[in-house]
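Asks: Dropping the structure in here first, questions after.
The values are calculated or read from the model by the stated rules, or taken from the named source; none is laboratory data. Just so you know, these numbers come straight off a predicted model, no measurement behind them. Because the Cβ atoms are built from the backbone with ideal geometry, glycine has one as well, and the counts that use them run over all protein chains shown.
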């Protein structure tokens, strides 16, 4: 977010959003990791997907996050990440942003 304007990232990197999908994204420097702390209600009602991209927009890592606490591998260089959170069921707990904590370390 400090390197690229949010509107640019949303237009270029994020797909046309499904209104039910929540997105978190940002940039990492070499060696930085992301630490996730997720509420159990989030994991029970939503699928969470992590993707890491090189600055050239090639996918380097992508996987679901299924644990309440998760740390990524150290970033191999300057990279961009996207976290997608999508509801599992049509009628469920309303999304609460406090369920998600993502910290760059």
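Asks: Which condition number does residue 22 fail, the rest of (1) modelled with pLDDT under 95; (2) more than 12 Å from the chain's Cα centre (by Cα); (3) surrounded by 13 or more Cβ atoms within 10 Å (Cβ to Cβ) being met?
Replies: Answer for residue 22: the failing condition is (2).
Asks: Taking segment 1-17, which residues are loosely packed, with under 11 Cβ neighbours inside 10 Å and modelled with pLDDT of 70 or more?
Replies: Within segment 1-17, 5, 6, 7, 8 meet the criteria.
Asks: Of all the strands (runs of 3 or more DSSP E) wholly in segment 40-105, which have at least 1 residues that are surrounded by fewer than 11 Cβ atoms within 10 Å (Cβ to Cβ)?
Replies: Correct list: 59-65, 69-71, 100-104.
Asks: Please go through segment 51-95 and give me each residue that is without any contact (Cβ under 8 Å) to a residue 12 or more places away in the chain and under 15 Å from the mean Cα position of the chain (by Cα), ordered by number.
Replies: 59
Asks: For residue 38, state whether it is closer than 13 Å to residue 83 by Cβ, under 13 Å from the mean Cα position of the chain (by Cα) and at pLDDT below 95.
Replies: Judged against the criteria, residue 38 is not a match.
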